[in-house]
Amino acid sequence: MTKKILDASRMRRGDIILTSSNNKISKAIRVMTSSEVSHAALWIDNGFIIDAVKEGVFSSNPERLAFDLSDCVYVLRLKESLSDERLDKIIRYAQDQIGSRYSIKEAILTKLTKPPATRKQFCSRLVAQAYSQAGVFVSREPDYCKPSDILESQLFSYVENPTKEISEEFLTSYNEALPAIKNNMDYSTQQVLKKVREIDNSIETLNDVNLFLLNNRNRDEEIYSIYIKSKYCEVYKIELGRHPWRYIPGQIDTVANSNKEEIIDYYKKTCGPESDILKRYTKKLRFYEKIHETTKLKTFLLLKQLYKTLVDNERIRLKIARDWAKRNCIE
């Protein structure tokens, strides 16, 4: 059976993906919101999306998302050209929400009486709030934005042919090669937040954990232990194990000999203008360096060391990819 997936070559940072399917939840949302779409997601850097699903806010590989050919899939792009600074605000906000809990109740209330919004998320709220950080209001009420509000907004234009067809057999084999969700940093983030919420249930994000720790420094050992037990600071090792050629000089040539096109695609994604992983890691490193210097807390030292490792690894990865491209005259 043929499926369709998002065509990464057609996507840009900040694009909004609107979808629907024939499952019960999708049908219920469409009925409640009087819309042909039931879900919204945000395309971020390096070919990942962020969205709010019933398990919470996650980033994911869009190539895992397969749609039936009959499913609605729209990609919307802001007509206004945003500066990198404003676009970064949208992406950063969405990234900072990873780990937040999902509010089914508030998602349903988008069409009904609306009480004061909580800090929990649902799909279209996440997208609308992210855009509001850059001064772009896709809805009069970002806290209760519906997928249909985004679809009907005059601020966006449709991206043509945003999907490509793929065989279900190929998709199955491809997904089996991808790391399981329990190997994902977002999963570890959820585990950290789940345990910290046993201490303070108002916490939604890792930024909240930082603030909690600043105000409750006597809980440092406890929070440190939660990070250690979750293996949050070890998730990066999975990538090193799966793709050592990205980090060990010389190995990329061996891989390229058997599949050069795959390496060219990898290089373009890694070193292209849409990738800002190094900038993001560096910003986090500077933050934890400063906050550890001020507080001397064990947890902040742990996170400082983590981001130092991530920055170093990313610099190595970029250098190996760029050196290979230069040797092979790839632009």
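Just so it is clear, none of the values below were taken in a lab; they were calculated from the coordinates. Since the model is a prediction, treat every value here as computed from it, not as a measurement. Don't worry about glycine lacking a Cβ; one is built from the backbone with ideal geometry, like all the others, and counts go over all protein chains shown.
For the listed peptides 291-297, 143-149, a ranking on the average number of other beta carbons within 10 Å per residue, highest first, reads 143-149, 291-297.
When you restrict to C-alpha pairs under 8 Å that are six or more residues apart and normalise by the size of the chain, the relative contact order lands at 18 percent. Computed over segment 2-164, the convex hull of the alpha-carbon atoms projects to a mean area of 8.9 nm². Each of ASN161, LEU306, PHE212 was scored by the projection of its Cα onto the charge dipole of the chain, and the greatest displacement toward the positive side belongs to PHE212; charges sit on the C-beta of Lys, Arg, Asp and Glu. Annotation for GLU63 and ILE264: the two label points, set 7 Å from Cα along the Cα-Cβ direction, are 1.6 nm apart. Legend: calculated FRET efficiency, LYS326 to ILE108, from the Cβ-Cβ distance at R0 = 51 Å, rounded to 0.05, equals 0.40. Short to long, the 20 Å bins of the Cα pair-distance histogram for the chain hold 28, 59, 13, 0 percent of all pairs. Springs between alpha-carbon atoms under 10 Å, Gaussian network over the chain: tell me which of VAL209, VAL75, VAL37 tops the mean-square fluctuations. Of VAL209, VAL75, VAL37, the Gaussian network model singles out VAL209 as fluctuating most. Summarising the overall dimensions of segment 82-136 from its C-alpha atoms, the Rg and Dmax are 12.3, 37 angstrom.
So what is the relative contact order for segment 179-327, in percent, with contacts set as C-alpha pairs under 8 Å and at least six apart? Don't skip to the answer; put the middle values down first.
On the way: 107 pairs, mean separation 37.1, N = 149.
Relative CO of segment 179-327 lands at 25 percent.
Once the C-beta distance of MET1 and LEU214 is scaled by a Förster radius of 51 Å, the resulting FRET efficiency is 0.45 to the nearest 0.05.
Restrict the search to segment 79-119; then list the GluC sites (Glu not before Pro) that DSSP places in a loop and that have at most 12 other Cβ atoms within 10 Å of their Cβ. If you can, show how the numbers build up before the last one.
Numbers: sites: GLU80, GLU85, GLU106; in loops: GLU80.
Within segment 79-119, the qualifying GluC sites (Glu not before Pro) (loop, at most 12 other Cβ atoms within 10 Å) are GLU80.
Each residue of segment 77-87 is assigned a 3J(HN,Hα), and the resulting list reads 10, 4, 5, 6, 7, 8, 5, 4, 4, 6, 5 Hz, derived from the Karplus form 6.51 cos²θ - 1.76 cosθ + 1.60 (θ = phi - 60°), x at Gly and Pro. Between TYR236 and SER81, the modelled label-to-label distance comes to 3.6 nm, taking each label 7 Å out from Cα in the direction of the beta carbon.
Summing Cβ point charges (Lys, Arg +1; Asp, Glu -1) relative to the Cα centre of the chain gives a dipole of roughly 840 debye.
Given N residues in segment 206-331, what is its alpha carbon radius of gyration divided by 2.2 N^0.38 Å? Spell out each step's value before the answer.
Values: Rg = 18.0 Å, N = 126, 2.2 N^0.38 = 13.8 Å.
For segment 206-331, the normalised Cα radius of gyration is 1.30.
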